[in-house]
Amino acid sequence: MSTAVIAPVNPMAAEGKDTVMTVMRRDRDNFTRLVSDPKNWNVMTRCTGWETRDLDGHMIDVMEGYFKNWDAATAGKEGTALGLPVMGETLNDHALDFRTLPREEALARFKKDAEKLDGILEALTPEQWTGFMVYHPFAGPVPAGFYGTFQIMDYGVHPYDIEYGLGNKLATIDEATAGLILPYSFIFWMYTVDQKVAAGVDTQYGIETEGPWGGKWRVTVKDGKWSSEPEKGNFEGCDALFHFDSAADHVLTFFGRFPGGSATGDPEVIHKVRHLFFSF
């Protein structure tokens with residue numbers, strides 16, 4: 001993984017497109033290298049129940065789902081969204097379906113789809129990056145530029161899953177990869193609150209992430225809703241504080257790879273926050 005310093009950008013803004021595309025292509029090359037190695041094909045990864053071949057199948061599944069909804073958006077048609085609660089189970093089933101493909105066919109199909117999506121993203125104008133809405137199969141309509149970072153979520157995190165399966169239990173992800181994903185963690189946290197766990201929770205807690213891609217945020221949980229805003233003070237009145245040493249630590253915790261970071265404050269609040277979200 002590259003250790004080159006990449007300056008922070010807002011991946012949701014048109015000005016961030018070049019950085020998003022650069023990181024996406026770099027991470028895709030790394031992902032492709034790992035899934036293309038025949039020794040890795042049947043290695044069990046950090047993703048529960050998924051071998052490396054299933055990550056290849058997962059990428060085929062998500063990209064071809066994107067293509068269908070992209071065509072609908074281009075034609076001016078409304079799409080449909082299944083909702084985030086069923087995302088994990090549905091993606092699991094679809095990925096396993098591709099086990100029926102011979103290895104070389106599965107790899108070729110993935111690479112062809114990746115090249116096609118790269119071309120679609122590259123062709124987006126600044127106005128389309130932020131303003132052309134395409135239905136995500138589970139999350140609903142999002143700006144087209146989001147799909148560049150959605151690809152980074154896969155190409156950046158899944159190599160970690162493979163490396164972990166190969167025995168590197170201290171694997172991590174690149175800071176620019178994590179930094180581009182980090183803003184999306186706050187969006188997904190907002191919409192993945194487990195209502196049973198959140199029942200009766202009324203609290204404020206802080207998140208502090210170190211490094212150039214990090215920052216400080218104040219989170220409010222009340223009436224089953226989760227919201228965040230930049231922290232302007234020093235977390236006065238917060239019931240707990242979660243501190244992450246890096247954007248990578250923050251993002252891998254967000255994806256449930258491990259309960260990273262350190263936490264101080266009310267033990268009950270810390271426990272509730274660590275179990276507040278359903279998997280997707």
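All of the numbers you see were taken from the coordinates with simple rules; none came from a lab. Bear in mind that the values here come from a model prediction, so they are computed numbers and not experimental data. When we count neighbours, we look across all protein chains shown, and the Cβ atoms used for this are built from the backbone with ideal geometry, even at glycine.
Can you tell me the length gained on complete extension of the stretch residue 67 to residue 44, counting 0.36 nm per residue apart and subtracting the Cα distance?
5.4 nm
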Exercise. Who wins for biggest fluctuation among 69, 234, 92 in a Gaussian network model of the chain, springs between alpha carbons below 10 Å?
Worked result: 234
Exercise. Nearest 10 degrees, 0 to 90: what angle lies between the long axis of helix 87-97 and the longest principal axis of the chain (Cα atoms)?
Worked result: 20 degrees
Exercise. Arranged from highest to lowest average of other beta-carbon atoms within 10 Å per residue, in what order do the peptides 27-37, 245-255 appear?
Worked result: 245-255, 27-37
Problem set entry | C-alpha long axis of helix 175-191 to longest principal axis of the chain, angle in ° | 70 degrees
Exercise. Under a plain spin-label model, where a point goes 7 Å from the Cα along Cα-to-Cβ, how far apart in nm are residue 33 and residue 93?
Worked result: 3.7 nm
Problem set entry | Highest to lowest packing among 257-269, 203-215, scored as the average C-beta count within 10 Å | 203-215, 257-269
For this session: Note down the relative contact order for the range 95-201 as a percent, whole number, built from C-alpha pairs under 8 angstrom at least six residues apart.
Result: 14 percent
Exercise. Quick one, which of (i) 27.1; (ii) 14.1; (iii) 14.9 is the actual mean projected area of the Cα convex hull in nm² calculated for this model?
Worked result: (iii)
Seminar exercise, completed: Here, residue 132 and residue 279, labelled 7 Å along Cα→Cβ, have an inter-label distance in nm of 3.5 nm
Exercise. Using the alpha-carbon atoms, what tilt in degrees (0 to 90, nearest 10) does helix 146-165 show relative to the longest principal axis of the chain?
Worked result: 90 degrees
Problem set entry | the chain - mean residue ellipticity at 222 nm from DSSP helices (-39,500 (n - 2.57) per run, n ≥ 4, rounded to 500) | -15500 deg cm²/dmol
Exercise. In whole Å, what is the distance between the alpha-carbon centres of the range 217-232 and the range 31-68?
Worked result: 35 Å
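What percent does the relative contact order of the chain come to when contacts are Cα pairs within less than 8 Å and at least six residues apart?
It comes to 20 percent, rounded to a whole number.
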Problem set entry | Cβ crowding within 10 Å averaged over residues, with 193-199, 175-181 ranked highest first | 175-181, 193-199
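Could you tell me the number of lysine pairs in the chain with C-alpha atoms less than 15 Å from each other, where the two lysines are 8 or more residues apart or belong to different chains?
8
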